[in-house]
Amino acid sequence: MTTQTDSTRDHILTTGRALVAQRGFTGMGLAELLKTAAVPKGSFYHYFASKEDFGCKLLEQYIGQYGKTLTEILEDSAPTARARLLEYWSRWVSSQSSQEANSQCLIVKLGAEVSDISEEMRRLLEAGTRTMTTQLARTIAEGQQDGSIATSVQPALVGPALYQMWLGASLMAKLSRSPNPLLQAMEATLVLLPEPHPEQTSPDT
């Protein structure tokens with residue numbers, strides 16, 4: 001059951017998420033956050049020890065929600081693991097092509113910025129992305145087991161490489177204000193996750 005305390009804390013985080021998406025972490029001032037959230041300064045410090053602590057809690061919440069969504073996609077009922085992976089990146093194209101700030105990935109938005117100013121926030125981001133790349137590598141291996149991805153692919157190498165490529169493509173899409181880098185990333189993903197040649201059979205057969 002959600003308490004009033006949880007509700008206020010979540011309200012501050014939700015408001016901060018929108019402001020950080022628009023201005024970045026350093027660009028968002030506490031005064032602006034308190035005014036927008038309509039909460040007194042004392043309420044903020046009741047839930048967060050500092051702005052950095054707020055940033056850590058914000059990232060923990062975002063990474064948790066993102067991880068849940070990723071798991072739902074990769075464990076979906078699509079017939080093959082490859083199809084689930086392509087669905088994940090199709091959603092990435094849609095979200096990162098959107099002009100809505102709240103739909104943008106916080107990892108893309110804050111990765112370089114906070115890594116230089118907060119070691120704790122950097123560690124949270126690094127741990128979160130490591131978990132995501134592990135999930136991707138595991139799903140690639142599942143694709144090899146179900147016969148949808150060629151056995152020549154190296155999951156432990158390609159999983160992280162794909163995630164890194166998509167982070168870079170998201171940044172380039174922001175710089176160019178065009179979805180083209182994301183569409184090119186999708187084309188490269190299809191190359192890096194080839195289906196087996198017709199003469200190849202599933203490892204289970």
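So residue 96 passes all but one of these: (1) without any contact (Cβ under 8 Å) to a residue 60 or more places away in the chain; (2) of a type outside the set (Ser, Thr, Tyr); (3) surrounded by 13 or more Cβ atoms within 10 Å (Cβ to Cβ). Which condition number does it fail? For residue 96, the failing item is (1).
For region 74-86, a residue qualifies if it is modelled with pLDDT under 95 and assigned to a helix (DSSP H, G or I), and exactly one does: 74.
Take the residues in region 110-142 that are of a type in the set (Asp, Glu) and in contact (Cβ under 8 Å) with a residue 40 or more places away in the chain, then tell me which one is farthest from residue 25 (Cα to Cα).
First pass over region 110-142, keeping only residues of a type in the set (Asp, Glu): 113, 116, 119-120, 126, 142.
Add one more test, that the residue is in contact (Cβ under 8 Å) with a residue 40 or more places away in the chain, and what stays is 113, 120, 142.
On the way: 113: 8, 120: 14, 142: 38 Å.
Among those residues, the one meeting the criterion is 142.
Look at (1) buried (at least 18 other Cβ atoms within 10 Å of the Cβ); (2) touching a residue at least 40 places away in the same chain (Cβ under 8 Å) and you find that residue 159 fails only one, number (2). Check region 46-69 and report whether any residue there is closer than 28 Å to residue 195 by Cβ, of a type in the set (Ser, Thr, Tyr), surrounded by fewer than 18 Cβ atoms within 10 Å (Cβ to Cβ) and without any contact (Cβ under 8 Å) to a residue 40 or more places away in the chain. Yes, region 46-69 contains a residue that is closer than 28 Å to residue 195 by Cβ, of a type in the set (Ser, Thr, Tyr), surrounded by fewer than 18 Cβ atoms within 10 Å (Cβ to Cβ) and without any contact (Cβ under 8 Å) to a residue 40 or more places away in the chain. In the set (1) farther than 18 Å from residue 70 by Cα; (2) out of contact with any Leu (no Cβ under 8 Å at 6 or more places or on another chain), the condition left unmet by residue 142 is number (1).
Quick check: anything in region 5-18 of a type in the set (Gly, Ala, Ser), free of Cβ contacts under 8 Å to residues at least 40 places away in the same chain and surrounded by 14 or more Cβ atoms within 10 Å (Cβ to Cβ)?
The first filter runs over region 5-18 and keeps only residues of a type in the set (Gly, Ala, Ser), leaving 7, 16, 18.
Still in the running and free of Cβ contacts under 8 Å to residues at least 40 places away in the same chain: 7.
If we keep only those that are surrounded by 14 or more Cβ atoms within 10 Å (Cβ to Cβ) as well, we get none.
No, region 5-18 has no match at all.
Taken together, the criteria place residue 113 among residues that are closer than 30 Å to residue 50 by Cβ, surrounded by 13 or more Cβ atoms within 10 Å (Cβ to Cβ) and among the acidic types (Asp, Glu).
What do you reckon, is residue 177 more than 30 Å from residue 53 (Cβ to Cβ), at pLDDT 95 or above, basic (Lys, Arg) and out of contact with any His (no Cβ under 8 Å at 6 or more places or on another chain)? Spelling it out, it is not the case that residue 177 is more than 30 Å from residue 53 (Cβ to Cβ), at pLDDT 95 or above, basic (Lys, Arg) and out of contact with any His (no Cβ under 8 Å at 6 or more places or on another chain).
Looking only at residues of region 1-52 that are out of contact with any helix residue (DSSP H, G or I) (no Cβ under 9 Å at 6 or more places or on another chain) and part of a helix (DSSP H, G or I), we find that the one that is nearest to residue 122 (Cα to Cα) is 45.
The values are calculated or read from the model by the stated rules, or taken from the named source; none is laboratory data. Only a predicted model underlies this, so the values are computations on that prediction, with no experimental measurement involved. Glycine also receives a Cβ, built like all others from the backbone with ideal geometry; neighbour counts cover every protein chain displayed.
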